[in-house]
Amino acid sequence: MHHTHYHRPSTVAEVVGLLGQHGDDKIIAGGQSLLPFVKLGMAAPEGYIDLSGVGELQGIKVEGNALRIGAMTTHSTVAASADVKRLIPALADLAGHIGDRAVRNRGTIGGSLAHSDPAACYPAAVLGLGATIHTNTRAIAADDYFKGLFETALGAGEIVTAVSFPQPQKAAWVKFKQPASRFSIVGVFVAQTAHGVRVAVTGAGACVFRVKALEDKLNAKWAPESCDGVTVSADGLNNDIHGSAEYRAHLIPVLAKRAVAQAG
């Protein structure tokens, strides 16, 4: 029988201290990614460090023309937030279509980003908006955060505490979902920002990535037809029962076009 232990700290400092004492423990946020891994035998932690009691990790704040969202804020809270709907409606739309109602009421933005599932939705918004991931030790630009399959820039003893999203001029999210899991077979987040257009794709590769060819075309002319004729290489893209690499490559500019049209 596998024996585990459980901790429920109340501050980030306590979390970091526990990580130093129990290196094999897993942090649990909403549990919507970790617990299925445990059930499938893909993870067998010695123990769990539950973040649900850490109040400083929750909530949404407006900071000028940006939103700062605590790591333990649930998807449903983001989707329902009047501030998110006002400043970045595409982010509220994305959060409102993650998984099902049970997942949205338990899953958290910090948990999603720490897990970095290749088909998760939030990474597309984070990369597409040029967000900043805050940890207990530093701030990490979105372009530097996602490293590969379930791999991020987080180091030992480092946890996500919040995410800051700058307000875009325009943005939209379109997902071609797998109907049973609601994960993205391909999802595309487009944003017209103060520093140019960003196009982020999830579900197609080992982790979320940007598509420069689409960004260049949309920087030249922000219009749906700018996505026409753009080809994306299938090399290195995911190839599984839900869709071939070539199919995913074809979907990227198609969904980008729909997203630009939706953004207006």
Q) What ranking do I27, I241 get, fewest neighbouring Cβ atoms within 10 angstrom at the top? A) I241, I27
Q: List every residue whose amide H lies under 5 Å from the amide H of A171, counting only residues 5 or more places away in sequence or on a different chain, with H placed 1.01 Å from N in the peptide plane.
A: Q192
Q) How large is the dipole of the range 170-263 about the Cα centre if only Lys and Arg carry +1 and Asp and Glu carry -1, each at its Cβ, rounded to the nearest 20 debye? A) 360
Q. Given H placed 1.01 Å from N in the peptide plane, which residues other than close sequence neighbours of T73 have an amide H under 5 Å from its amide H?
A. G59, I109, G110
Q) Using alpha-carbon pairs under 8 Å, 6+ residues apart, how would you state the relative contact order of the chain in percent? A) 15
Q | Spatial separation of Cα centroids for the range 163-230 and the range 84-106, in angstrom | A | 17
Q. Which order do H22, H75, H195 fall in if you start with the one that has the fewest other Cβ atoms within 10 Å?
A. H195, H22, H75
Q | Cα-based helix-to-principal-axis angle, 12-21 vs the chain, degrees rounded to 10 | A | 70
Q: Provide the per-residue ³J(HN,Hα) series for the range 49-59, in order, calculated from phi with Karplus coefficients 6.51, -1.76, 1.60 and θ = phi - 60°, each as a whole number of Hz, with x at glycine and proline positions.
A: 10, 7, 8, 5, x, 8, x, 5, 8, 10, x
Q | Estimated [θ] at 222 nm from DSSP helical runs (n ≥ 4, -39500 (n - 2.57)) normalised by residues in the chain, nearest 500 | A | -9000 deg cm²/dmol
Q) How high is the relative contact order of the range 83-201, in percent, with contacts defined as C-alpha pairs under 8 Å that are six or more residues apart? A) 27
Q: Working from Cα positions, state the angle (0 to 90°, nearest 10) between the long axis of helix 245-263 and the longest principal axis of the chain.
A: 80
(Q) If you restrict to DSSP beta bridges whose two residues both lie in the range 1-145, what percentage is antiparallel, to the nearest 5? (A) 55
Q) Could you give the longest part of the chain that holds none of the trypsin sites (Lys or Arg not before Pro) found in DSSP loops with at most 16 neighbouring Cβ atoms within 10 Å? A) 1-137
Q. So, in nm, how far is label L40 from label A156 when the simple model puts each one 7 Å beyond its Cα toward the Cβ?
A. 2.7
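Let me know the charge dipole size of the range 5-166 about its Cα centre in debye, to the nearest 20, where only the beta-carbon of Lys, Arg (+1) and Asp, Glu (-1) is charged.
Numbers: 12 positive and 15 negative charges, 93 e Å.
About 440 debye.
Values in this text are rule-based calculations from the coordinates and carry no lab data. For clarity, every value in this text was computed on a predicted model and none was experimentally measured. Reconstructed Cβ throughout: ideal geometry from the backbone, glycine too, with neighbour counts over all protein chains shown.
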